[in-house]
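The values are calculated or read from the model by the stated rules, or taken from the named source; none is laboratory data. The structure displayed is predicted, hence computed values, not measured ones. Every residue, glycine among them, receives a Cβ derived from its backbone with ideal geometry; neighbour counts consider all protein chains shown. Ligands, DNA and RNA are excluded from the accessible area calculation, which covers all protein heavy atoms including side chains. Shrake-Rupley method; radii C 1.70, N 1.55, O 1.52, S 1.80 Å.
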Amino acid sequence: MRLTVSVIRLENVRKEYGELTALDGVNLSVESGEVYGFLGPNGAGKSTTINIILDFARPTAGTATVFGMDATEESQAIRDRIGVLPEGLDLYGRLTARQHLEFVRESKGVPSEAIDFEAIVERVGIPEAIDRKVSGFSKGMQQRLALGAALIGDPELIILDEPSSGLDPEGVRTMRKIILEEVDRGATVFFSSHILDQVEAVCDRVGILRDGELVAQGPISELQSSMGGEAVLEIETADSQSGAISAVESVAGVSNVSTNNGTVTVQCSPPAKIDVLNTIQEAGVTVEDFSLDEQSLESLFMSYTNGESAEKTEVRA
Amino acid sequence: MSTLTVAKKDFQDAARSRLLAGLIVVFALFQVGIVYWMTQVSAGGEPIEMASVLDLMVIPTYILLPIIGTMIGYKSIVGERNSGSLKFLLGLPHSRQDVVLGKFLGRGLLVTVAVLVGFIVGGGLLFASTSSFDPTVFVGYVLTTILLGVTFVAVAVAFSSVTKSTSIATSGAIALVMVFLFLWDVVMMIASEIAIRASLMDRLQPGEIPPDWYLLLGNLNPRNAYANVIASLVGNSNPIDSVFTQDWFSLLVLGGWIVVMIGLALIKFERVDL
């Protein structure tokens, strides 16, 4: 029997800095091959969590493992298999981009013939800067270089702390493209962000951190349904849809169906929306167009990070 | 291996610093200046004994080199910690030990280069203008001077590894230089004064040899240990017959500072949150 080991696993991780509790019993797991978005407002403890995973800080209590190895005890072996883009990054201003890449290559013990530095800078979009000193780089260029450096040696896990900081929109697109390419290669990607649309576009699962506690973890769609968030589908049909109504009503996750001329309005849980569309078509009704009003990750995030229970109470009052 | 990778990167990076290049130039100019003054001006172009030139170099060297060594080392780790590049460095598969040892080796090599450049230029001039150039003494002098520079680099790197901000590191570096160049002597004066008042020792008469504890305390300062080794190298007879002023003990003091300081840094830096 083969046991699957989580790539990253945090169990009851606590971190105190003097009087301040930065992390208060965080449980988190990142599985092999997924893109995990680590969300939370600034100051929620995202960087502290990443610092513990990388052994930049030691947990006060609890355990953190990466590839099943203890994050504190076996940090060097762990870091041999991961690529890191740290937050608030600064590189060596007096060295060139090529010297940085060479240093990373040497540090990771990758043979020099196995690596093409030109291809790396090309991939991250700074091909012209390879032999320039980093002191002349913009924040975004440094970020791109560091991303390129993090990919050296095809790491099994890539950890990106606020990767889009300092990047222009084109840089953010490059970052997203590279993340998806790396996952296709078989890598696991863990990245933190306080900007949501980037997470929504690439993540398989997200974890939401608030005040040092992980308040939610799971696929975005699951989090939406657990929040009671419903999708509203408006489907325009060409034919009479009477025959389809009852079929749609019986689809799991559908809570209400109404019709108005050629438009069918369906309220359902987000995962049910595909079933709804399929059911209508199977009933012989041609769908001409449809629109979707879904609870966005933004509102989901706001409700989690602002305290959902208080909000619910207000609505009922 | 990982230590050497860090050391190499650090040397590449630090060697490009203008401040450090300036220090090397200052040290070289100062070596050349002394040799020139001694051989050309003071001796009026007459041949002069190498030993007396080297002997005169000791005091300026042991004032300048602690400053240079401290300046080379004091920002080595805290500077990276403050800027954030330490997270880039430790995101790679290096241990905390690799960072401390790599920094020490990189900066130690840098001070070695600074001393060598100074002595190659100064030594060349010395060789050309003295009748008694003794390569053995000269090499011994250079090696001992390198050891002094490396000792101060070790102290500064160790200090840099336990400091959290660059501003503390700067005032700390000044304090370190003050301690070794000035405060140490003050402490010794106070200690002997206390000992005299407490009737533990008599006030020293000229030519009298101080008690062992006093010699030990004095020679624990790497600067004094260095001066003692140089004195016997250039053939100055040492009137004091004590274990604590022997060459081997002085060299042990210099090596001991390196081992103890780097050892403490390794232990402390291993556990610190970045």
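Structure summary
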read-out	value
Surface accessible to a 1.4 Å probe, per residue, for the residues of chain B, Å²	44 Å²
Low-density loop cleavage sites - chymotrypsin sites (Phe, Trp or Tyr not before Pro) in segment A:58-112, where at most 12 other Cβ are within 10 Å (DSSP)	none
Number of partner chain Cβ atoms within 10 Å, mean per residue of A:96-102	1
Length added when fully stretched, A:ARG173-A:VAL232, from 0.36 nm per residue minus Cα-Cα	18.3 nm
Equivalent ellipsoid semi-axes, segment B:120-274, via Cα gyration tensor eigenvalues times 5, rooted, Å	29, 27, 14
Shielding by partners - mean other protein chain Cβ count within 10 Å, residues of A:46-56	2
Selection of chymotrypsin sites (Phe, Trp or Tyr not before Pro), segment B:14-66, meeting DSSP coil and at most 10 other Cβ within 10 Å	none
Using distinct alpha-carbon pairs, which all enter the 1/r mean, Kirkwood radius of the protein assembly as shown in Å	28.8 Å
Residue (of A:ILE120, A:LEU91, A:VAL104) at the positive-pole extreme of segment A:75-146, dipole from beta-carbon charges	A:LEU91
Separation between Cα centres of segment A:92-119 and segment B:58-137, rounded to whole Å	26 Å
Calculated FRET efficiency for the pair B:TYR36/B:ALA175, C-beta based, R₀ 25 Å, to 0.05	0.15
Given charges at beta-carbon only (K, R positive; D, E negative), |dipole| of segment A:108-168 in Debye	260 debye
Modelled FRET efficiency - R0 56 Å, A:SER221 with A:SER112, Cβ distances, 0.05 increments	0.80
Mean residue ellipticity (222 nm) of chain A, computed from DSSP H runs ≥ 4 via -39,500 (n - 2.57), nearest 500	-10000 deg cm²/dmol
Inter-part distance where segment B:250-271 and segment A:159-193 are each reduced to a Cα centre, Å	42 Å
Whole-percent carbon and sulfur share, accessible surface of chain B, 1.4 Å	69 percent
Cα centre as origin, Lys/Arg/Asp/Glu Cβ charges: chain B dipole, Debye	1360 debye
Heavy-atom accessible area ranking, 1.4 Å probe, most first, across B:LEU105, B:LEU264	B:LEU264, B:LEU105
Qualifying aspartates and glutamates (Cα of each under 17 Å from Cα of B:LYS8; at least 8 residues distant if same chain)	A:GLU102, A:GLU106, B:GLU80, B:ASP98
Computed FRET value (nearest 0.05) for B:VAL186 with A:VAL202, which takes r as the C-beta separation and R₀ as 56 Å	0.30
Helix-only mean residue ellipticity at 222 nm for chain B, each DSSP H run of n ≥ 4 adding -39500 (n - 2.57), per residue, nearest 500	-25000 deg cm²/dmol
Globularity index of chain A, i.e. its alpha-carbon radius of gyration over 2.2 N^0.38 Å	1.19
